Structures are given as structure tokens and as C-alpha cells.
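Engineer: Here's a structure for you.
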Amino acid sequence: MANVALFEPLTLRSLTVRNRIWVAPMCQYAITKKDGVPEDWHLVHLGSMASGGAGLVVAEATAVNAAGRISDADTGIWNDEQAAAWQRITTFIHARGAHAGIQLAHAGRKASVWPEWGHDRNGSMLPEDGGWQTVSASPVPFIGLEPPIALDADGIAQLVGDFAAAARRAVDAGFDVVEIHAAHGYLLHQFLSPLSNLRDDEYGGDLAGRARLLLEVTTAIRAEIGDTMPLLVRFSATDYAPGGWDEQQTAIVASWARAAGADFFDISSGGNVAGVRIPIGPGYQVPFARFVKEQANVGVSAVGLITTPAQAEEIVASGSADAVMLGREMMRDPHFALRAAHELGALIDYWPSPYLRSRWPN
Ligand SMILES: Cc1cc2nc3c(=O)[nH]c(=O)nc-3n(C[C@H](O)[C@H](O)[C@H](O)COP(=O)(O)O)c2cc1C
């Protein structure tokens with residue numbers, strides 16, 4: 001068997017993931033009943049990637065309360081009906097030998113927008129169309145969207161409780177991994193960045209103040225999920241804007257989050273400031289992952305325009321990241337991990353039996 005880094009198992013706390021090819025969280029905007037309950041689409045979408053050999057399948061940004069949804073077509077995990085529907089999906093993922101993660105999210109000032117597809121509207125969904133008032137660190141709107149109101153102390157305490165309750169439901173629904181969404185300009189990122197957090201109380205100001213909410217969420221989730229389950233945090237490493245959030249702050253807060261109970265960091269970028277120039281290209285966020293890994297001495301995954309088995313292998317084998325997450329390539333080819341095993345000559349024992357002939361000539 002070829003020595004293929006991508007197919008080395010990875011252990012986080014008591015969980016051993018079969019390989020380092022992971023599915024990035026991807027909102028589907030596909031909830032037809034607007035009730036946050038995942039449907040057959042989500043089973044087949046996520047299930048196909050588990051059948052396709054991925055190690056960890058991370059379900060989309062899933063709201064911890066109704067107001068935290070990006071749109072009314074998002075998934076949620078704030079009630080038992082949603083948790084039961086997720087359980088059907090985690091059961092299938094497990095039957096295929098993969099592990100299941102869920103990204104817990106609150107969209108903050110980027111909530112209540114029209115879903116990405118299925119109509120010809122965009123921007124904020126107003127209350128008369130079924131939208132709702134958004135919240136954030138400060139009453140500063142994201143360009144083009146309706147202004148949020150600032151969360152007060154009670155609102156913050158409630159939010160931390162909602163993240164913890166969602167994590168408890170995630171455990172009950174059979175998820176193996178929880179990921180906190182602190183990236184892409186959503187609520188926790190809005191608190192982290194000095195461009196969106198103008199508070200003068202203990203949740204704003206210096207880095208410790210801006211990171212306080214994320215650390216409280218991390219601590220509360222860890223208390224809820226116990227000692228054995230891995231906890232990931234997704235960061236945007238930079239706002240790509242002067243005076244904004246950047247990779248140095250990311251590395252410092254990652255080390256604080258580690259001390260608060262997080263294990264591993266999923267490093268993305270951008271999303272909090274509209275109109276910035278992002279140097280997009282193959283693997284463009286990998287250097288951020290490597291930076292956080294080296295500076296904070298933590299495990300990381302890299303994401304962003306990773307599209308070929310050889311490229312993914314180089315990222316892990318060179319030590320830039322401990323795992324790769326793939327988004328759009330996984331949607332084009334949910335069997336990417338099987339294809340990678342075939343192309344890279346890795347012998348794996350989790351080809352689905354009905355697909356065994358496609359291993360040839362390995
Ligand atoms: C349709 C779609 C939905 C996405 N939804 C989420 C999400 O729910 N949470 C998140 O953190 N990132 C989300 N992303 C970003 C991806 O996780 C990933 O970081 C990004 O697509 C870059 O990786 P890629 O080049 O492999 O697609 C989404 C991307 C796409 C294409």
C-alpha cells in the first residue's frame with residue numbers, strides 16, 4: 001500500500017476519524033417547510049459523502065435558535081423534532097463508517113436574508129415577507145442588509161444557553177463532533193472583529209473582550225458534551241480589511257479557545273466585510289491554517305479551493321494542516337475520497353460493497 005497521509009486516521013479526544021478528507025459545512029437552503037427540520041435532501045446530500053469515503057461529514061451551519069438562521073430555509077437544532085430528524089442522518093453516516101459533525105451557528109446581522117435560490121429576491125427578508133429583526137454585537141449593519149440591534153446582557157446569556165442546548169441535542173442526535181461557527185461574518189465573528197464590535201462593555205474593546213462570547217460558548221458547550229467528544233471552531237483568519245480581524249488575533253484566540261475546551265480549528269477567511277479584495281486561487285487559505293497551527297500549536301484543517309487528490313495529499317503530507325475540508329468539489333463528486341484512494345493507491349477497507357469493482361486495478 002502506498003503511504004498516503006490523507007488516509008492516515010486522526011484521533012481527537014476519544015474519536016478516531018478514518019481519514020483526513022472531511023466534508024466542509026455547506027448550507028443547502030433546502031428546508032421546504034421553514035421549520036428547520038432536515039429533510040430527505042439532507043440525508044442523501046450528506047449520506048452520499050459518507051458513502052463516498054469521507055472521514056468526517058460536517059452538516060451545514062445549523063441554527064441554535066430560530067432568529068439565528070441565515071434564511072428561513074436553513075436547518076436548526078433548537079427543538080426535539082429537528083434533533084430526531086438529524087438522528088436519521090447520523091445513523092446513515094455511521095452505517096457507512098464515517099463520523100458526523102454539525103456546525104452550530106447564529107447568523108447575527110447576516111440573518112433573515114432571502115435564501116440563495118428558489119426565487120428572484122436577495123438581501124434582507126423584511127418582516128412582511130416572513131423575516132425578522134436581527135441582532136449583533138453593535139447596531140452596525142452589514143452593507144446592503146437591514147441594521148441589527150445590539151444584544152444586551154440578557155440576550156448574550158440566552159445565546160450562550162442556546163448554543164449549549166443545541167450541543168446537548170447534537171449529542172442526543174448522534175453527532176460525534178460539534179463545530180462552533182465563528183467565521184464568515186456571522187454572529188461570533190461579529191463579536192470578534194473590531195470592525196463590527198464597537199461595544200464598550202466586557203464583550204467588546206480589547207481582544208479579550210471581543211473573544212469573551214466565543215470563549216463562553218466554548219466553555220458552555222464543553223460542559224454539555226463531556227470530556228470525550230471533539231469540539232472544533234471554524235474561524236475566518238482575516239477580514240482582509242485594515243483595522244479588522246487578522247491571523248495573529250485568530251492564533252491567539254485559538255489558543256484561548258483550546259484552553260476553554262476546543263480541540264481543533266477549521267481555518268477559513270473573510271465574510272465580515274463586503275467588497276474586500278480576496279486573493280482567491282487554489283489552496284489560498286492553506287497558509288492561514290499553517291500559521292494558526294504553528295503559532296497556537298493546535299490541530300487545524302485547511303479549506304478553500306482544494307480540488308484534487310494530489311493537492312489535498314500535499315497539504316496534509318507537508319504538515320500545513322492535519323486534515324482538509326472540501327466543499328464545492330464534494331458537491332461535484334461526493335465520492336471524492338474513494339477517487340482519492342484510487343488515484344493515490346491507498347488501500348482502504350470501506351469501499352461500499354456494491355462499488356467494489358470500481359477499486360480496479362487496486
Ligand atoms: C453552497 C455552499 C454553502 C456553504 N455553507 C457554509 C456553511 O454553512 N458554513 C460554513 O462555515 N461555510 C459554508 N460554506 C463555505 C464552505 O464550507 C467552504 O469553506 C468554501 O466553499 C470553500 O471551500 P471549497 O472551495 O472547497 O468550496 C458554504 C459554501 C458553499 C459553496
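Engineer: Report the residue count in the stretch 216-274 for those that are touching a Lys or Arg at 6+ places or on another chain (Cβ under 8 Å), among the charged types (D, E, K, R) and within 16 Å of the ligand (Cβ to nearest atom).
Structural biologist: 1
Engineer: Just checking, how many residues over the stretch 277-298 are closer than 21 Å to A262 by Cβ and either buried (at least 23 other Cβ atoms within 10 Å of the Cβ) or within 15 Å of the ligand (Cβ to nearest atom) (or both)?
Structural biologist: So the answer is 5.
Engineer: Let me ask something additional. Of everything in the stretch 240-266 that's more than 16 Å from V300 (Cα to Cα) and in contact with a Pro (Cβ under 9 Å, 6 or more places away or on another chain), which residue is surrounded by the most Cβ atoms within 10 Å (Cβ to Cβ)?
Structural biologist: The residue in question is W245.
Engineer: Among the residues of the stretch 183-202, is any away from the ligand (no atom under 16 Å from the Cβ), on the phi < 0 side of the Ramachandran plot, among the acidic types (D, E) and part of a helix (DSSP H, G or I)?
Structural biologist: Within the stretch 183-202, none of the residues are away from the ligand (no atom under 16 Å from the Cβ), on the phi < 0 side of the Ramachandran plot, among the acidic types (D, E) and part of a helix (DSSP H, G or I).
Engineer: Of all the residues that make up the stretch 55-114, how many are charged (D, E, K, R), more than 14 Å from the ligand (Cβ to nearest atom) and buried (at least 21 other Cβ atoms within 10 Å of the Cβ)?
Structural biologist: Going through the stretch 55-114 one residue at a time, the tally reaches 2.
Engineer: Follow-up question, since we're still on this one. Within the stretch 49-106, which residues are in a loop (DSSP other than H, G, I, E, B) and among the aromatic types (F, W, Y)?
Structural biologist: Listed by number, the list holds a single entry, W78.
Engineer: Further, regarding this structure: What do you reckon, is A157 over 19 Å from D200 (Cα atoms), among the aliphatic types (A, V, I, L, M) and not in a loop (DSSP other than H, G, I, E, B)?
Structural biologist: no
To keep it simple, each residue is scored yes or no on (1) surrounded by fewer than 15 Cβ atoms within 10 Å (Cβ to Cβ); (2) within 18 Å of G52 (Cα to Cα).
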{"site": "V303", "(1), (2)": "no, no"}
{"site": "D322", "(1), (2)": "no, no"}
{"site": "G327", "(1), (2)": "no, yes"}
{"site": "Y355", "(1), (2)": "yes, yes"}
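Where a number appears in this text, it was derived from the coordinates with a stated rule and is not lab data. Predicted model, so just to flag it, every value in this text is computed and none were measured. Neighbour counts run over all protein chains shown; Cβ positions are idealised from the backbone, glycine included.
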